[in-house]
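Please treat every number below as a calculation from the coordinates, not as lab data. The shown structure was predicted, so the numbers you read here are calculated from the model rather than taken from an experiment. So basically every Cβ, Gly included, is an ideal-geometry build from the backbone, and we count neighbours across all protein chains shown.
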Amino acid sequence: MNVSVEAHKCVSSGQCVLIAPEVFDQDDEGLVLLLEETPGADEHENVKEAAAVCPAAAIHLRQD
Ligand code: SF4
């Protein structure tokens, strides 16, 4: 799995950080930061959920 984010779309809701804190963080302005571009299998479900609930549709997943 390959994860990318569009920080310019982020509305700083923090959902992704709550669901997958190993993969996502927020900067000082609340915008999403990607911590792990290729998360391990144990994070895949969390990352999928984060992408699904992101209100800005700013999280994109690509399966390898
Ligand atoms: S869930 Fe989406 S809008 Fe909310 S902080 Fe994460 S990337 Fe930004």
Scanning segment 24-46 for residues that are among the β-branched types (Val, Ile, Thr) and within 15 Å of Glu6 (Cβ to Cβ) gives Val32
Residue check, Glu29 touching a residue at least 12 places away in the same chain (Cβ under 8 Å), loosely packed, with under 14 Cβ neighbours inside 10 Å and among the acidic types (Asp, Glu): yes
